[in-house]
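Quick notes on the structure that follows.
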Amino acid sequence: MSHHVYAFEPPERFVAGTVGAPGERTFFLQARGGGRLISVALEKVQVSLLAEKLEELLQEAHRRFGVDLTAETVVETADNEPLDTPLDEEFRVGTLGLQFDVDTATVVIEAIAVGEDEAEEAEEEGDDDELVTADRDRLRVRLTPAATRAFIERAKRVVASGRPPCPLCGQPLDARGHLCPRHNGYRR
């Protein structure tokens, strides 16, 4: 079975976004460049963790390699535009990989397709994850530190724009009512 590597080095636009109402949203990573538009679906928690880990990666690059994170003179403007259309899901993301390329001072993000059949086989055979993910579709983008910071900010806004949390238990409030465990199951 052949696999596709959708590489954008660098993309014209790389964003996290959603489609749907809060509580029923589908999250996407979308890359555009060179006349191509690729959208991959993933979970809300993956978007949140990606933003968090990208922040850590930039700080670590600054600490270990002395990368000046403020050196870029081009000010990245906040991208608040909706996802580009047509919104065709290429694959669902199972694994996310991050790397900092010291030679080019860029961040490489790789989103690898989920593969249930291969994952089950690997568990049975005890295979290494790298071998299992080698034949899966993947989206690879290379971003400058400024573009990475812009992606992080948008991803945080997208995740936070969902349902507000319950002030007592922290679970998302549902428009149809919320069964709060702190109120012994009574609707709030």
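What about Pro82, is it modelled with pLDDT under 95, touching a Lys or Arg at 6+ places or on another chain (Cβ under 6 Å) and in a loop (DSSP other than H, G, I, E, B)? Walk me through how you get there before you give the answer.
Values: modelled with pLDDT under 95: yes; touching a Lys or Arg at 6+ places or on another chain (Cβ under 6 Å): no; in a loop (DSSP other than H, G, I, E, B): yes.
No.
Taking the criterion of being touching a Gly at 6+ places or on another chain (Cβ under 9 Å), touching a residue at least 60 places away in the same chain (Cβ under 8 Å) and not in a strand (DSSP E or B), would at least one residue in the stretch 28-44 satisfy it?
yes
Given the structure, is Glu24 within 16 Å of Ile152 (Cα to Cα), loosely packed, with under 11 Cβ neighbours inside 10 Å and out of contact with any strand residue (DSSP E or B) (no Cβ under 7 Å at 6 or more places or on another chain)?
Taking the combined requirement at face value, the residue does not satisfy it.
Only one of (1) touching a Lys or Arg at 6+ places or on another chain (Cβ under 8 Å); (2) in contact (Cβ under 8 Å) with a residue 60 or more places away in the chain; (3) of a type in the set (A, V, I, L, M, F, W, C); (4) closer than 15 Å to Phe151 by Cβ fails for Val107. Which number is that?
That leaves (2) as the condition not met.
So, in the stretch 141-169, how many residues would count as being open to solvent by less than 50 Å² (accessible area, probe 1.4 Å) and either more than 18 Å from Arg32 (Cα to Cα) or not in a strand (DSSP E or B) (or both)?
Qualifying residue count, the stretch 141-169: 14.
Just one of Arg32, Arg64 is of a type outside the set (Val, Ile, Thr) and either on the phi > 0 side of the Ramachandran plot or at pLDDT below 95 (or both); which is it?
Arg64
The values are calculated or read from the model by the stated rules, or taken from the named source; none is laboratory data. On a predicted model such as this, the values are computed, not experimentally measured, just so you know. Cβ coordinates were reconstructed from backbone atoms using ideal geometry, including for glycine residues, and neighbour counts include every protein chain displayed. Keep in mind that these areas ignore ligands, DNA and RNA; they rest on the heavy atoms of the full protein, side chains included. Shrake-Rupley method; radii C 1.70, N 1.55, O 1.52, S 1.80 Å.
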